[in-house]
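The values are calculated or read from the model by the stated rules, or taken from the named source; none is laboratory data. The structure presented is a predicted model; accordingly, all values stated were derived computationally and were not measured. For neighbour counting, all protein chains shown are included, and Cβ atoms are generated from backbone atoms with ideal geometry for every residue, glycine included.
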Amino acid sequence: MKYTINHKSPVPLHIQAEELLRQMIQDPDYKSGKILPNEVELSKQLAISRTTLRQAINKLVFEGLLIRKKKTGTKVAEIPVSSKSNNWLSFSQEMKLRGITIRNFELHITWVKPDDEVARFFEIKKDKMVLRMEKVRGRPEEPFVYFVSYFHPRIGLTGEEDFSLPLYEMLESEHSTVATLSKEEISAQAATAEIAKKLRVTEGSPILFRKRFVYDHGQRPMEFNLGYYKADSFVYTVESTR
């Protein structure tokens, strides 16, 4: 597709260039990650200065719609996965509703003694064994989240359950435990060597860290969950009403 700018229009050239770039972002050829034409080629095609074109590109880079890298060029950013805090579902349920195909890269089930924080939340002694579940999940081509969950012994998990199923559906159907309340803490941190390996990023990369405290219908603690998300693949959205 050949893109043009109307030089007789009263609309400023950099605004027209910005709108044109937004159209290019929707082009299937570029949505797949193909590099956009370089600034010299595109500015000649549009008959505008590189300064005018760069002004439009910088706007979309700031919005997170384009990614610019030295010696590589400019390409369309992948739309990050988004989670909304006022619509709490299990991860599998939420991704299914959004039409996002999820792949399980790792799944580990172990029995461990709780650390101070887990024991305090569950209100149990530290010598009481709890089930720990680890999952690395993401799009079919790459992982973007690493989960670590601990479950209260009261639930009665054996470790033989099918943890590849939607978690809260499984807990409800097999153990009559219904998750009804979630309290969360969200912060940023640098990826440790272990987390970097799980998420296939370099050590020290920015990570979105979410700590979740889950309660059952009797407001009793049932799950302590830690989530580590790749910062460039996940957006956590908070929506409030008044």
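At-a-glance table
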read-out: Which numbered condition residue 210 fails, given (1) buried (at least 19 other Cβ atoms within 10 Å of the Cβ); (2) in contact (Cβ under 8 Å) with a residue 60 or more places away in the chain; value: (2)
read-out: Test: residue 117 is surrounded by fewer than 13 Cβ atoms within 10 Å (Cβ to Cβ) and under 27 Å from the mean Cα position of the chain (by Cα); value: yes
read-out: Of all residues in segment 175-202 being surrounded by 13 or more Cβ atoms within 10 Å (Cβ to Cβ) and among the hydroxyl-bearing types (Ser, Thr, Tyr), the one that is farthest from the chain's Cα centre (by Cα); value: 177
read-out: Residue within segment 157-177 that is under 22 Å from residue 230 (Cα atoms), in the same structural domain as residue 214 (by TED's automatic domain parsing) and at pLDDT 95 or above present; value: no
read-out: Residue tally, condition polar (S, T, N, Q) and buried (at least 20 other Cβ atoms within 10 Å of the Cβ), over segment 213-234; value: 0
